[in-house]
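Since the structure comes first, as structure tokens, the remarks are kept for the end.
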Amino acid sequence: MNIADFTLTSFDQMLGTFDHLLAKAEADPRGEALIAEKLADDMYPLATQVRFTTHQVVNTLNRLTGTSIATQDSDHTSLAEARAHIAETRELIKNAHGKGFVADDSPVSFDLPNGMAFEMSAAEYVRDWSLPQFYFHLMAAYSILRKAGIPLGKADYVGYVARHAKVSA
């Protein structure tokens, strides 16, 4: 599997997981109030975790395919909006398949709002920045929902792997 397929598949599967987690939150009687929940006072709320998770996908597509897709600039105010945004991001991933990433050794440079700057190869960018940042914000969201009492477990997090289950004879 090449880096493009690996990255896009990882993003898509886990955004499917994220949508599932948010659907469980929507079904909770507290509903929309959960969008403002935080894991800790000094951390971002669930709405920002959605935004930052999808930013990693869009930034990766922009940096590795040469596109100029805009990122979401503000937090969603409802779980339905957040889920719709995840669906839109998954559509971007679907459309990116086959378009080709830059070569694994192509340089990727980027600056962060805090003034930090990075330069690495495309493969290093995916391995060392994009996927870890993506999973960090997704796990922060998972943890926020668990802390809020949403009944989630490992099966909710890796449900996509069920397609690989062997049927016992």
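Throughout, read-outs are computed from the coordinates displayed, never taken from laboratory work. Values in this document were obtained by computation on a predicted structure and should not be read as measured data. With ideal geometry, Cβ positions are generated from the backbone for all residues, glycine too; neighbour counts draw on all protein chains shown.
Taking K and R as +1 and D and E as -1, what net charge do the other residues with C-beta under 14 Å from the C-beta of GLY16 add up to? My count for the surroundings of GLY16 gives 0. Each part reduced to its alpha carbon centroid, the stretch 50-90 and the stretch 92-109 end up 16 Å apart. Is the stretch 43-131 rounded, prolate or oblate when judged by the Cα gyration tensor, a ≥ b ≥ c being the square roots of its eigenvalues, rounded requiring a/c under 1.5 and prolate requiring a/b larger than b/c? Note, shape of the stretch 43-131 comes out oblate. All distinct Cα pairs of the chain go into the 1/r average, and the inverse of that average, the Kirkwood radius, is 16.8 Å.
Where does each of 146-159, 55-68 land if you order them by average Cβ count within 10 Å, highest first?
55-68, 146-159
Sequence-distant contacts, meaning Cα pairs under 8 Å at least 6 residues apart, place the relative contact order of the stretch 3-161 at 35 percent.
Based on DSSP H segments of at least four residues, each scored -39500 (n - 2.57), the chain has a per-residue ellipticity at 222 nm of -16500 deg cm²/dmol. With the simple spin-label model, which puts each label point 7 Å out from Cα in the Cβ direction, the ALA103 to THR67 separation comes to 2.4 nm.
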